[in-house]
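The structure appears below as structure tokens.
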Amino acid sequence: LQDFLSSTKDEALYKSEWGTFHPSGSPLGLSMCSLKTRCDTTKLNLVTSKIKTTKVNDKELSHDFPGTTHDRVKKLPISQEASFWNVLGLSKKPSKRRQCQKFVEIVGNLVKQKFKMQSSKINSIQTIDMGCGRGYLTFSLHHYLRENYSPSMFIETRGIDMRPKLVAEMNSIVEHLRENGEDNERKNISGLLFETGTIESFLKSNGCMDEISSNMIEVEDQLKILIALHACDDATDDA
């Protein structure tokens, strides 16, 4: 502001988008005004009077910016730095990541409740994702279960989809992470597999055609989780 005042002090005319005007009473073209403003670090006073004097006073304030210690960091079930986010192309899709995080949070709480309700001798968790597609939820949930329950429990996750090309792509991603990931990432990807097939054929081959009353059941020493989620606008009749 001071630089502006000094550069325009001797000018007689001022041009703007509203036209040209003659200054009256001050370099700013104001006959008389008073402006006071304040931010966290500086207080500024601008006073101009009828006798063509303009005075600018600024004062640096001594107090610091407000602290952020009251802000809470949201605890996520899966680290935002997990390698599979980037390999699956989710690093630039924050909305998809939030969906995966919320899904894992819901299923993770159900698993915790299952262990609290029963003093059972479960030593493995088996997850089947029917119609897994690109496996966003499959990878996410498997990573979470391995991170939180391995090595004390055996964790196995299978994604089932009827498109061979997509299944091959998903298995190649698993292999890539297993060979090139860091130690922790290789540990968390172990036990993940994608298979080609329909939901009906898988259930028949595994003797699961009886009515399923729950999506999370305990069979002997195994906790079995069944997932079957589909987009509403393009789900097939088989789904």
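We did not get these values from a lab; they are worked out from the coordinates using the rules stated. These numbers come from a predicted model, not from an experiment. Using ideal geometry, Cβ is built from the backbone for each residue, glycine included, and neighbour counts are taken over all protein chains shown.
Summary table below
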| quantity | calculated |
| --- | --- |
| Pairwise label distance in nanometres, Glu105 with Ser124, each label 7 Å out on the Cα-Cβ vector | 3.2 |
| Ordering of 173-181, 88-96, 133-141 by burial proxy (mean other Cβ atoms within 10 Å per residue, highest first) | 133-141, 173-181, 88-96 |
| Projected-area mean, the range 133-183, by convex hull of Cα positions, square nanometres | 3.8 |
| Environment charge of His143, counting only residues whose C-beta is closer than 14 Å and scoring Lys/Arg +1, Asp/Glu -1 | -2 |
| Given Lys96/Lys224; Lys96/Lys204; Lys92/Lys187; Lys116/Lys204; Lys165/Lys224, the pairs whose alpha carbons are separated by over 29 Å | Lys96/Lys204; Lys116/Lys204 |
| Label-point separation, Ala168 to Ser150 (7 Å along Cα→Cβ), nm | 2.6 |
